[in-house]
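Asker: Got a structure for you, questions after.
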Amino acid sequence: MDVLITILADGVNSAIGPTAVVFALAAIGLNVHYGYTGLLNFGQVGFMLVGAYGLAITVSIWEQPLWVGVIAGILASTLLALLLGLPTLRLRADYLAISTIAAAEILRFVFRSSPATPFTGGPFGIPSQVGGSGYTQTWNALNPFPQGRYGIGWLTFSHTRLWATIVGWSIVLLVVLVVWLLMRSPWGRVLKSIREDEDAARALGKNVFAYKMQALILGGVLGGMAGMMLAISQAAIAPDQFLPQLTFFAYTVLIMGGAATIWGPVVGSLLFWFLIASVERALIISDVMPSGTIGPTRLAFVGILLVLLMAFRPQGLLGNKREMVLDG
């Protein structure tokens, strides 16, 4: 019984913690791209990277206030969407996917390169203590909770984790409300019409390219916000944290919850991280394999989960299968 409680405790703590917030935001951004507009963006991790570094460089390197760093992260995500969208949004879905994943990898290698080291820290990244006013310290200075642990029974959080969790899920709920209002508006209905048949939308006089660009910017900014949440929940950020697998984690979250649904990314993130953390803890406790193989096993588990979802439940838990039809 104690073993089961330990496994469930790890799962629940992970499901409602800051990591789940990060992937809920990233998946909501992908939902705007893929679920509502039909844009197959495989480079969401690139938006997370520029959002995180926009915050970290502004606060830790340039020693600016936290709110300036947040604005910098949003502007960096918007700029990336413009630079990425202008040459690629007229491509077919598969070519767009290749272009976006390539752009994200190019960004990662640029940020870890020697010429970028004075700003990005190169492959070692930016510790939050740089400059004496790091982004994590600045964030934690706003924490109203006294130092200690909070919770009930086995569900406990440190004061810093509790602060990040409360603010993070509040942001998620606000973003869900904004997306819900947008998708019920005429603008959102145009996005859905583009997903279904962009030629028909164009024939009705809609500027399809402009709407796609707006959707790319909105989803990219949400990805940048996910990157900023990732930054403030860690002691340092480095380029190699932003691997392509993060985008596929976000897609698994989205597909699990249901694409083109308002609550799908949130439910998917909760369930995904509960399963991941529970499986990891079960493997550690059972000691059925060397500890060094648990990380690769987790990736294999995610891959199997994604295959099963696409084969048997492509619409996800909350989705409608008709919403998954894309025009290639």
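The values are calculated or read from the model by the stated rules, or taken from the named source; none is laboratory data. Source: prediction; values computed, not measured. Every residue, glycine as well, gets a Cβ built from its backbone with ideal geometry; the counts of neighbours run over all protein chains shown.
Asker: Within region 170-182, count every residue that is surrounded by fewer than 13 Cβ atoms within 10 Å (Cβ to Cβ) and in contact (Cβ under 8 Å) with a residue 40 or more places away in the chain.
Answerer: Residues that pass the stated criteria total 0.
Asker: Pick out the one residue from GLY121, GLY125, GLY188, GLY153 that is farther than 24 Å from VAL221 by Cα and among the small types (Gly, Ala, Ser).
Answerer: After ruling out the rest, the residue left standing is GLY153.
Let's see how each residue does on (1) closer than 30 Å to ALA200 by Cβ; (2) modelled with pLDDT of 75 or more; (3) part of a helix (DSSP H, G or I):
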| site | (1), (2), (3) |
| --- | --- |
| ILE285 | no, yes, yes |
| MET289 | no, no, no |
| THR293 | no, yes, yes |
| THR297 | no, yes, yes |
| PHE301 | no, yes, yes |
| VAL307 | no, yes, yes |
| PRO314 | yes, yes, no |
| GLY319 | yes, yes, no |
| LEU326 | yes, no, no |
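Asker: Output yes when any residue across region 157-169 is surrounded by fewer than 19 Cβ atoms within 10 Å (Cβ to Cβ), assigned to a helix (DSSP H, G or I) and without any contact (Cβ under 8 Å) to a residue 12 or more places away in the chain, and no when none is.
Answerer: Yes - at least one qualifying residue is present in region 157-169.
Asker: Let me confirm something: among GLY153, GLY134, GLY148, which residue is in contact with a helix residue (DSSP H, G or I) (Cβ under 8 Å, 6 or more places away or on another chain) and without any contact (Cβ under 8 Å) to a residue 12 or more places away in the chain?
Answerer: Criteria check complete, one pass: GLY148.
Asker: Something else now. Being of a type in the set (Val, Ile, Thr), in contact (Cβ under 8 Å) with a residue 12 or more places away in the chain, buried (at least 20 other Cβ atoms within 10 Å of the Cβ) and not in a loop (DSSP other than H, G, I, E, B) is true for just one of VAL253, VAL279. Which residue is that?
Answerer: Only one candidate qualifies: VAL253.
Asker: Now, a different point. Test of understanding: among SER14, SER77, SER99, which residue is surrounded by 22 or more Cβ atoms within 10 Å (Cβ to Cβ) and not basic (Lys, Arg)?
Answerer: Result of the check over SER14, SER77, SER99: SER77.
Asker: Report yes if THR78 is under 16 Å from ALA52 (Cα atoms) and of a type in the set (S, T, N, Q), otherwise no. I'd like the intermediate steps shown before the answer.
Answerer: On the way: under 16 Å from ALA52 (Cα atoms): yes; of a type in the set (S, T, N, Q): yes.
Yes, satisfied.
Asker: Then there's this: Only one of GLY85, GLY134, GLY54 is modelled with pLDDT under 90 and not β-branched (Val, Ile, Thr); which?
Answerer: Going through GLY85, GLY134, GLY54 in turn, the sole match is GLY134.
Asker: List the residue pairs whose Cβ atoms are under 6 Å apart, where the first residue sits in region 25-48 and is on the phi > 0 side of the Ramachandran plot, the second is assigned to a helix (DSSP H, G or I), and the two are 6 or more positions apart or on different chains.
Answerer: Close Cβ pairs (under 6 Å, with a partner that is assigned to a helix (DSSP H, G or I)) amount to GLY38/ARG195.
Asker: Would you mind finding the one in GLY51, GLY43, GLY38 that is within 15 Å of GLN234 (Cβ to Cβ) and not β-branched (Val, Ile, Thr)? Reasoning before the result, please.
Answerer: Details: GLY43 fails: within 15 Å of GLN234 (Cβ to Cβ); GLY38 fails: within 15 Å of GLN234 (Cβ to Cβ).
Of the residues listed, the single one that is within 15 Å of GLN234 (Cβ to Cβ) and not β-branched (Val, Ile, Thr) is GLY51.
Asker: Restricting to region 183-213, count the residues that are assigned to a helix (DSSP H, G or I), free of Cβ contacts under 8 Å to residues at least 12 places away in the same chain and out of contact with any Ser or Thr (no Cβ under 6 Å at 6 or more places or on another chain).
Answerer: Result for region 183-213: 7.
Asker: From LEU49, LEU79, LEU96, LEU107, which residue is out of contact with any Ser or Thr (no Cβ under 6 Å at 6 or more places or on another chain), of a type in the set (A, V, I, L, M), over 15 Å from PHE242 (Cα atoms) and assigned to a helix (DSSP H, G or I)?
Answerer: Sole residue among the options that is out of contact with any Ser or Thr (no Cβ under 6 Å at 6 or more places or on another chain), of a type in the set (A, V, I, L, M), over 15 Å from PHE242 (Cα atoms) and assigned to a helix (DSSP H, G or I): LEU79.
Asker: Would you check if there is a residue in region 258-268 being assigned to a loop (DSSP other than H, G, I, E, B), aliphatic (A, V, I, L, M) and farther than 24 Å from LEU182 by Cα?
Answerer: Checking region 258-268: not a single residue is assigned to a loop (DSSP other than H, G, I, E, B), aliphatic (A, V, I, L, M) and farther than 24 Å from LEU182 by Cα.
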